[in-house]
1. In percent, how large is the relative contact order of region 30-96, given Cα pairs closer than 8 Å and 6 or more residues apart?
2. Ordering E159, E29 by accessible area with a probe of 1.4 Å, largest first, what comes out?
3. What does the charge count near D27 come to, summing +1 for each Lys or Arg and -1 for each Asp or Glu among other residues with Cβ under 12 Å from its Cβ?
4. Largest first, how would S76, S171, S108 line up by accessible area (1.4 Å probe)?
5. Can you give me the P(r) profile for region 1-41? Cα pairs, bins 5 angstrom wide beginning at 0, each as a whole percent.
Amino acid sequence: MTIRLLIVDDQELIRTGFRLFLQTQDDLEVVGEAADGHEALTQAAVLRPDVILMDIRMPRMDGVEATSRLTASGSSPRVLILTTYDLDEYVFGALRAGASGFLLKDASRNRLLEAIHVVHAGEALLSPSITRRLIEDYATRTEPLRPRAKMLAVLTPREREILLLVARGLSNPEIAAHLVVTEATVKSHIGSMFAKLHLRDRAQAVVFAYENGFVLPGSSG
């Protein structure tokens, strides 16, 4: 399967660099480029890419706003945020907006390729430094959130357990090994959990878990 890509960045040299590298990959196709969020929305509607490589800081409309509008429109592309800024407000803003991954531009080429495939497959991807800061931020809350009873009630005990493991960043195979069940069983529980909580993917599940108190300071999952 060929993954169709849209590159969104206000710097032409960066777009060109990404395109020249990515189009050498047999399973990737760069179908278009955009210089800001407005162009990204137009291009996404016409070109229907599978994955959008989205910069954050751009004129007219930034990457967070563009991602939010894509998600609100019901558009299907997965958004992988690529930025030079390892700042918390951008991490949380992008993930809340519906981004499926967040990677710094200084990542290696192999890491970029891995990120594209992971995001395309519906998984969540955060760079290690971002994951660590996400956990540290919530782990140092002075007044920890308490899980909302109504939200807990819609999930089965197994689904709650899997949500905690997803929030810790475990992959499906790792969750299966931890719970001693098949990977197919894990996928079934995750699909049910997403439907009940109206979540699009694992990135949203991670944000949901932290923001709604499913993961508490000192929790080991």
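1. Across region 30-96, relative contact order equals 34 percent.
2. Numbers: E159 5, E29 80 Å².
From most accessible down to least: E29, E159.
3. Values: positive: R4; negative: D26, E29, D50.
For residues surrounding D27, the net value is -2.
4. Details: S76 90, S171 40, S108 65 Å².
Ranked from most to least accessible, the order is S76, S108, S171.
5. Per 5 Å bin, starting at zero, the Cα-Cα P(r) for region 1-41 comes out as 6, 26, 31, 21, 12, 4 percent.
The values are calculated or read from the model by the stated rules, or taken from the named source; none is laboratory data. These numbers come from a predicted model, not from an experiment. Here Cβ is always computed from backbone atoms with ideal geometry, including for glycine, and neighbour counts include all displayed protein chains. Just the protein is used for accessible areas: all its heavy atoms, side chains included, with ligands, DNA and RNA removed. Shrake-Rupley method; radii C 1.70, N 1.55, O 1.52, S 1.80 Å.
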